[in-house]
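Peer 1: Mind having a look at this structure? Questions to follow.
The values are calculated or read from the model by the stated rules, or taken from the named source; none is laboratory data. None of the values given here were measured: they were computed from a predicted structure. For neighbour counting, all protein chains shown are included, and Cβ atoms are generated from backbone atoms with ideal geometry for every residue, glycine included. These accessible areas exclude ligands, DNA and RNA; they are computed on the full protein's heavy atoms, side chains included. Shrake-Rupley method; radii C 1.70, N 1.55, O 1.52, S 1.80 Å.
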Amino acid sequence: MIALRKTVAAFGLDLAEVAAPGEPGPGRVTIAVAAAGICGSDVHAYEWTPGYAFMAQALPVTLGHEFAGTVRAVGAGVADLAPGDRVTCWPTITCGACEDCRAGRPQGCAARTIIGLHADGGFAETVTVPAANCRPLPPGLPLDVAALTEPLGVAVNAVDVAEVRPGDRVVVLGPGPIGLGIAFVAQERGARVLLAGLDDELRLATARAIGIAQAVDLRGESLEAAVARVFGGPADRVIEATGVARSVTDGLAALRSGGILVVAGIHSGPLSLDLTGFVRSKKQIRAAHDTTAPALDEAIRLLAAHAETLSRLITHRRPLSDGVAAFELARSRRAVKVLLVPDQPDADDPTVSRTRTRA
Ligand SMILES: [Zn+2]
Ligand SMILES: [Zn+2]
């Protein structure tokens, strides 16, 4: 079968022919991939940006951690999944033995690894994963929309970390797939949401298409001015999903005294912060990364309830064999979520769009 692999510790990816998997081992399942999304971290791995050197020891590895599909085979001891089941996957594998794992905080496991970054992932016709990482999908949730589960789970977790409550004035910075998800989830929880981008009209139009009324381009207006105009006062919460350090200081300036700012972007540069002003304002900075089991379950519920709306986050579908070109598209701001679809997807599944057209 073909797979999109990171083979060398340098810029690029290879479309490679790899052996089809044998029978899955004990506790593992093989999934026929229906669709797999290209994530910002996949693009970082493709570009080999600083901070991804940890992957060097895993090479060669098939990328892809946002996927959904149909169980094709189950290994010994797998009781709750059977061939034909439709599933998505939490890509984080924890050690199960450290203090955090034993205390029920698997997201704190320092030994955790990610399917699609440390181990072969979903940019292939099949992927073999621990059964415990699989989540069954409700009927009626199309598999391509279900491929949004992991990024939406990341968004739900960021909203959880921000402790967003009904009526809160929430600013979301960065209209990429995670920021769009955060804005949607916060609005679902009854918050008033302002989503801000910079020179980002296509993705702000996607925001409006999923019901985020206040999607603002900061080309012509400062963040503080936009927040004052929309909310009539400072924000209760700011959630940053840009990866630009400056957006943290801008976000703090738009936040009320005692408000919470959550950093959810992956940053390549340090933050310079006036600590005296920060202390006197009693503002809180928190970090959100990855997701939790309850957040992942909520993401599946939201996708099932709003499948049609949230499918608008998928702006492009590309055959896996066009994967490298699809990565170039994902690097541009001309796309929101790009899905890779195996060239021979599981023929039994009618819920996957076979669209091959180029946008
Ligand atoms: Zn991701
Ligand atoms: Zn652990």
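Peer 1: Write down, largest first, the equivalent ellipsoid semi-axes of the range 84-207 in whole Å, where each equals the square root of 5 times an eigenvalue of the alpha-carbon gyration tensor.
Peer 2: Working: eigenvalues 165, 78, 42 Å².
Semi-axis lengths for the range 84-207 are 29, 20, 14 Å.
Peer 1: Restricting things to Cα coordinates, could you compute the convex hull volume per residue of the range 163-287 in Å³?
Peer 2: Working: hull volume 12.0 nm³, N = 125.
Value for the range 163-287: 96 Å³ per residue.
Peer 1: Calculate what fraction, in whole %, of the accessible area of the range 47-116 sits on carbon and sulfur atoms when a 1.4 Å probe is rolled over the protein chains.
Peer 2: Details: 1700 of 3200 Å².
Of all accessible area on the range 47-116, carbon and sulfur atoms account for 53 percent.
Peer 1: A further question on this structure: So what's the net charge close to H65: Lys and Arg +1, Asp and Glu -1, counting the other residues with Cβ under 13 Å from its Cβ? All intermediate terms of the calculation are to be shown ahead of the outcome.
Peer 2: Numbers: positive: K6, R112; negative: D42, E66, D120, E150, D290.
Combined, the nearby Lys, Arg, Asp and Glu give -3.
Peer 1: Sticking with this one: Quick one: what do you get for the chain if you divide its Cα Rg by 2.2 N^0.38 Å? If you can, show how the numbers build up before the last one.
Peer 2: On the way: Rg = 20.2 Å, N = 359, 2.2 N^0.38 = 20.6 Å.
In units of the 2.2 N^0.38 Å rule of thumb, it is 0.98.
Peer 1: Let's see if you can work this out: charge +1 on each Lys and Arg Cβ, -1 on each Asp and Glu Cβ, no other charges. What is the dipole magnitude of the chain about its Cα centre, in debye to the nearest 20?
Peer 2: Numbers: 35 positive and 38 negative charges, 179 e Å.
With Lys and Arg at +1 and Asp and Glu at -1, about 860 debye.
Peer 1: At 0.36 nm per residue, minus the direct Cα-Cα distance, what do A76 and S311 gain on full extension? Give it in nm, one decimal, please.
Peer 2: Values: separation 235, 0.36 × 235 = 84.60 nm, distance 3.55 nm.
Taking 0.36 nm per residue and subtracting the Cα distance, the gain is 81.0 nm.
Peer 1: In terms of Cα to Cα distance under 25 Å, which lysines are near enough to K6, apart from those fewer than 8 places away along the same chain?
Peer 2: K337
Peer 1: On the principal axes of its Cα set, how long, how wide and how thick is the range 154-197? Give whole Å, largest value first.
Peer 2: Each principal axis gives a Cα extent; for the range 154-197 these are 24, 19, 14 Å.
Peer 1: Sticking with this one: So, in nm, how far is label A110 from label H267 when the simple model puts each one 7 Å beyond its Cα toward the Cβ?
Peer 2: About 2.2 nm, to one decimal.
Peer 1: How do 21-33, 231-243 rank on mean C-beta neighbours within 10 Å, highest first? Write out the running numbers ahead of the final one.
Peer 2: On the way: 21-33: 18.8, 231-243: 22.3.
For the peptides 21-33, 231-243, the packing ranking is 231-243, 21-33.
Peer 1: Also, I was wondering about something else. Would you mind getting the accessible area per residue of the chain, heavy atoms of the protein chains only, 1.4 Å probe, in Å²? Walk me through the intermediate numbers first.
Peer 2: Values: 14810 Å² over 359 residues.
For the chain, the per-residue accessible area is 41 Å².
Peer 1: Using +1 at the Cβ of each Lys and Arg and -1 at the Cβ of each Asp and Glu in the chain, identify which of L223, G40, A245 lies farthest towards the dipole's positive end.
Peer 2: L223
Peer 1: Please list 77-87, 252-262 highest first by mean number of surrounding beta-carbon atoms within 10 Å per residue. All intermediate terms of the calculation are to be shown ahead of the outcome.
Peer 2: Working: 77-87: 14.4, 252-262: 19.3.
Sorting 77-87, 252-262 by mean packing, highest first, produces 252-262, 77-87.
Peer 1: Once the whole set of protein chains is in place, how much accessible area is left on F11, using a 1.4 Å probe, in Å² to the nearest 10?
Peer 2: 110 Å²
Peer 1: Just from the alpha-carbon atoms, what are the Rg and Dmax of the range 67-153 in angstroms?
Peer 2: Cα only, the range 67-153: 13.5, 39 Å (Rg, Dmax).
Peer 1: Quick one: compute a quarter of the convex hull surface over the Cα atoms of the range 1-143 and quote it in nm².
Peer 2: Numbers: hull surface 35.9 nm².
The directionally averaged projection comes out at 9.0 nm².
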